[in-house]
1. With a cut-off of 18 Å, note down the residues of segment 25-39 whose backbone N falls inside the zone around a label point 7 Å from the Cα of Val181 toward its beta carbon.
2. Using only the alpha carbons of segment 105-213, determine the length spanned along each of the three principal axes and report them from longest to shortest in whole angstroms.
3. For the charge dipole of the chain, defined by +1 on Lys and Arg C-beta atoms and -1 on Asp and Glu C-beta atoms about the Cα centroid, which residue among Thr27, Leu69, Tyr39 has the Cα displaced farthest towards the positive pole?
4. What is the distance, in nm, between label points placed 7 Å from the Cα along the Cα-to-Cβ direction at Phe208 and at Ala6?
5. Students often check this: by mean Cβ neighbours within 10 Å, which of 190-201, 169-180 ranks highest, and how do the rest follow?
6. Let me know the charge dipole size of the chain about its Cα centre in debye, to the nearest 20, where only the beta-carbon of Lys, Arg (+1) and Asp, Glu (-1) is charged.
7. May I ask you to give the percent of accessible area on the chain that is carbon plus sulfur, with a probe radius of 1.4 Å?
8. For a quick check of your reading of the filter: which chymotrypsin sites (Phe, Trp or Tyr not before Pro) in segment 58-167 sit in a DSSP loop and have no more than 10 other Cβ atoms within 10 Å?
Amino acid sequence: YVGQQATYEVAVSLNSTARERLRRNPTFYPPEMQSMLAYDLPAPDRTQRIRTGSQCFDALVYRRALFPLVPGRLVIPPAQLVYTTGISASSLWSREESHELQTDSVTIVAIEPPATDRPAEFTGAVGDLEIDARVDSTDGGRVGDPMLLTIRVTGAGNVKLFPRPAVAMSWAGLVPADERVTVDPSNARIGGQKEFDWVLTPRVAGEFDLPPV
């Protein structure tokens, strides 16, 4: 879905002969990704080891979390790897050869979130989310004295693009204020929190509740 995470992964597999002949670390060129927001994900704690038949390979893995921004067929062009090996593994001074590898292109088909039973207030937030609200004054204030209302959205999803929730109060004026984003890229699923502030100014005297958001 548009706004839902897909994980892009490239693995470079090295057998023991290739490891011995490498003259320096390979250079990896990730592809440009259009119409999606990308976050680099942490590399595995250690090199993965893969066995294929009688051969054993070390797999160096590159990962990105992708969030499609528009519906449609989105094509990710090939990634590129450039590396240099020695003609002979027995000598550091042997002649070198440069090599270049490319992946295939990758396609993501992104669709709009379902329209069936969609709330009228839906403005594009997709994820596994929680929401809470707080006011900076627990004792209340005088009519006309501004207070700070903060609504926090927390969970897994495209945190940077969470939309500002719709808030309305008949007994107070509301003016949108700051926004703060904290992204946690330490897990395979991108998440974090986004806080939205409003300046809340009571217009009438009395005891009132903040409406559900």
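The values are calculated or read from the model by the stated rules, or taken from the named source; none is laboratory data. Model, not experiment: these values are computed from the prediction. Glycine also receives a Cβ, built like all others from the backbone with ideal geometry; neighbour counts cover every protein chain displayed. Each accessible area value is taken on the protein alone, full model and side chains, heavy atoms only, with ligands, DNA and RNA left out. Shrake-Rupley method; radii C 1.70, N 1.55, O 1.52, S 1.80 Å.
1. 33-39
2. Result, largest extent first: 62, 34, 18 Å.
3. Ranked along the dipole, the leading option is Thr27.
4. Once both label points are built, they end up 4.6 nm from each other.
5. Details: 190-201: 19.7, 169-180: 12.7.
Averaged packing, sorted descending, gives the order 190-201, 169-180.
6. Numbers: 21 positive and 26 negative charges, 185 e Å.
The dipole magnitude comes to about 880 debye.
7. Numbers: 6750 of 13650 Å².
Reported share for carbon and sulfur atoms: 49 percent.
8. Working: sites: Tyr62, Tyr83, Trp93, Phe122; in loops: Trp93, Phe122.
Sites meeting the loop and neighbour criteria: Trp93.
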